[in-house]
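One structure is given here, and the rest of the page talks about it.
What follows is calculated from the coordinates using simple rules that are stated; it is not laboratory data. Keep in mind the model is a prediction, meaning the values are calculated, not measured. Ideal geometry is used to build each Cβ from the backbone, glycine not excepted, and the neighbour counts take in all protein chains shown.
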Amino acid sequence: MSAKVLLVCLGNICRSPAAEGVLRHKARERGVKLTIDSAGTGAWHVGDPPDARMIKAAAKRGYDISYQRARQVEFSDFYEFDYLLAMDLSNHSNLLEMAPPNRSCDIRLFLDFSDGEVRETPDPYYGSGDGFERVLDLIESGADGFLNHVEDESA
């Protein structure tokens, strides 16, 4: 099975591009075939690279996200992807409101796949450097859990 996953946050410059990079890296390491992209529910940063602080924090862990460019969720995404995974409840709610009734994708919270207690990935944009590290910790856990889910589904 090869799944297609879209990771979604608000502006597509911190959480979802980091999740895209981490998930792509971990999937490659585990040999799991995924099509991975990220987008934002808002259009403020369309065409922009990820936040420089997130690029730096991700690079320290071996994830290159510098080439990514922000985009907004599009109507076609609800049909092209198997999973639309929101980083928080607000974006999850926005996706459900935007979703056509006959969509073919599963819309869930990314951290629903994590084994931790936290369900939402906090937005580090207005915080300090260690907020980016905490977000990466959560994303790594969510990515591992999602890959386990995909592997279980294809077994």
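For region 110-138, filtering for residues that are in contact (Cβ under 8 Å) with a residue 40 or more places away in the chain and surrounded by 13 or more Cβ atoms within 10 Å (Cβ to Cβ) leaves 9.
Among the conditions (1) surrounded by fewer than 17 Cβ atoms within 10 Å (Cβ to Cβ); (2) in contact (Cβ under 8 Å) with a residue 40 or more places away in the chain; (3) touching a strand residue (DSSP E or B) at 6+ places or on another chain (Cβ under 9 Å), the only one that Ala70 does not satisfy is (1). When each of Gly42, Gly21, Gly11, Gly47 is tested for being out of contact with any strand residue (DSSP E or B) (no Cβ under 8 Å at 6 or more places or on another chain) and either in a helix (DSSP H, G or I) or closer than 23 Å to Glu97 by Cβ (or both), the lone residue that passes is Gly21. Ser16 meets each of the listed conditions (1) in a helix (DSSP H, G or I); (2) surrounded by fewer than 16 Cβ atoms within 10 Å (Cβ to Cβ); (3) of a type outside the set (A, V, I, L, M) apart from (2).
Does Thr35 meet the test of being of a type in the set (Val, Ile, Thr), touching a strand residue (DSSP E or B) at 6+ places or on another chain (Cβ under 9 Å) and surrounded by 19 or more Cβ atoms within 10 Å (Cβ to Cβ)? Considered against the rule, which asks whether it is of a type in the set (Val, Ile, Thr), touching a strand residue (DSSP E or B) at 6+ places or on another chain (Cβ under 9 Å) and surrounded by 19 or more Cβ atoms within 10 Å (Cβ to Cβ), Thr35 comes out as no. Every residue in region 1-48 that is in contact with a helix residue (DSSP H, G or I) (Cβ under 7 Å, 6 or more places away or on another chain), charged (D, E, K, R) and farther than 13 Å from Leu84 by Cβ, please. Matches in region 1-48: Arg15, Lys26, Arg30.
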